[in-house]
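The values are calculated or read from the model by the stated rules, or taken from the named source; none is laboratory data. Small disclaimer: the values here were computed from a predicted structure and weren't measured. So basically every Cβ, Gly included, is an ideal-geometry build from the backbone, and we count neighbours across all protein chains shown. Ligands, DNA and RNA are excluded from the accessible area calculation, which covers all protein heavy atoms including side chains. Shrake-Rupley method; radii C 1.70, N 1.55, O 1.52, S 1.80 Å.
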Amino acid sequence: MKYIKTIILSSFFSLVIGHVNSEELFLKPESNNRAISEIILLNDRGENFILLEFLENNVEKGVVINFWATWCSPCIVELPSLDKMAKKIKKYRLKVIAISMDRGETDQLEKFLKEKGGNSLIFAQDKKWNSGKSLSIKSIPETLIIKKQKDGKFIIVSRHRGALSWEDDNVIDQVLNLIMN
């Protein structure tokens, strides 16, 4: 029997939270395994950095990148779940980056992220939607599962559009399978 709790946030979208069935596959593998290119973002101090360089210097195996905004209700509901997942996968040397797509002030956005339960998430900001264009982000929240290959390239192995209960053990197992295998 499948058990998925759905909360209707408006007539336009819903959010999956709660427990997921262990048979349910939420994170489908990407077919094209697109490599991450040089995308310029802002860090928590409002300074430019190149995402690919950050990954090369700070990520051993893989990373989960979530795109969100302060005006996106499902994004805000999802942040604590991403934070719990970040704590659980840290022991595997995996990180979770939360990229704000807002145009506001960086320090205010980082403060907002922390207030909404994102203390364990690495903050970045994309005021110009550079990553959205480069990575084909069509809506938010959208989350990419990225694996570091043996040749050092970072490829997108899965993409999830919409909010999800990321701290659920089944979802974490799926993330680990996509990155570690």
Taking only region 27-47 into account, find how many residues are touching a residue at least 40 places away in the same chain (Cβ under 8 Å), in contact with a Leu (Cβ under 8 Å, 6 or more places away or on another chain) and surrounded by fewer than 19 Cβ atoms within 10 Å (Cβ to Cβ). 4
Counted residues, region 150-169 - those being without any contact (Cβ under 8 Å) to a residue 40 or more places away in the chain and within 15 Å of the chain's Cα centre (by Cα): 1
Can you tell me how many residues within region 103-122 are in contact with a strand residue (DSSP E or B) (Cβ under 7 Å, 6 or more places away or on another chain) and closer than 16 Å to Cys72 by Cβ? 4
Is it true that Ile50 is touching a Leu at 6+ places or on another chain (Cβ under 6 Å) and open to solvent by less than 60 Å² (accessible area, probe 1.4 Å)? no
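Please pick out the residue among Ile172, Ile179, Ile140 that is touching a residue at least 24 places away in the same chain (Cβ under 8 Å), within 25 Å of Gln108 (Cβ to Cβ) and not in a strand (DSSP E or B). Spell out the reasoning first.
Details: Ile172 fails: within 25 Å of Gln108 (Cβ to Cβ); Ile179 fails: within 25 Å of Gln108 (Cβ to Cβ).
Going through Ile172, Ile179, Ile140 in turn, just one is touching a residue at least 24 places away in the same chain (Cβ under 8 Å), within 25 Å of Gln108 (Cβ to Cβ) and not in a strand (DSSP E or B): Ile140.
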Close pairs (8 angstrom Cβ cut-off, 6 or more residues apart or separate chains): over 14 Å from Asp151 (Cα atoms) in region 49-61, part of a helix (DSSP H, G or I) and among the small types (Gly, Ala, Ser) anywhere: Leu51/Ser131
Within the group Pro74, Pro80, which residue is open to solvent by less than 30 Å² (accessible area, probe 1.4 Å) and either on the phi > 0 side of the Ramachandran plot or not in a strand (DSSP E or B) (or both)? Pro74
Being open to solvent by 20 Å² or more (accessible area, probe 1.4 Å) and part of a helix (DSSP H, G or I) is the filter here, so list the residues in region 53-71 that pass it. Glu53, Phe54, Glu56, Asn57, Asn58
Residue that is nearest to the chain's Cα centre (by Cα), among those in region 83-103 that are without any contact (Cβ under 8 Å) to a residue 40 or more places away in the chain and open to solvent by 30 Å² or more (accessible area, probe 1.4 Å): Lys95
Pairs where the first residue, in region 108-120, is in contact (Cβ under 8 Å) with a residue 40 or more places away in the chain and the second is part of a loop (DSSP other than H, G, I, E, B) and open to solvent by 40 Å² or more (accessible area, probe 1.4 Å), C-beta under 7 Å, 6+ apart: Glu110/Asp44; Phe112/Thr70
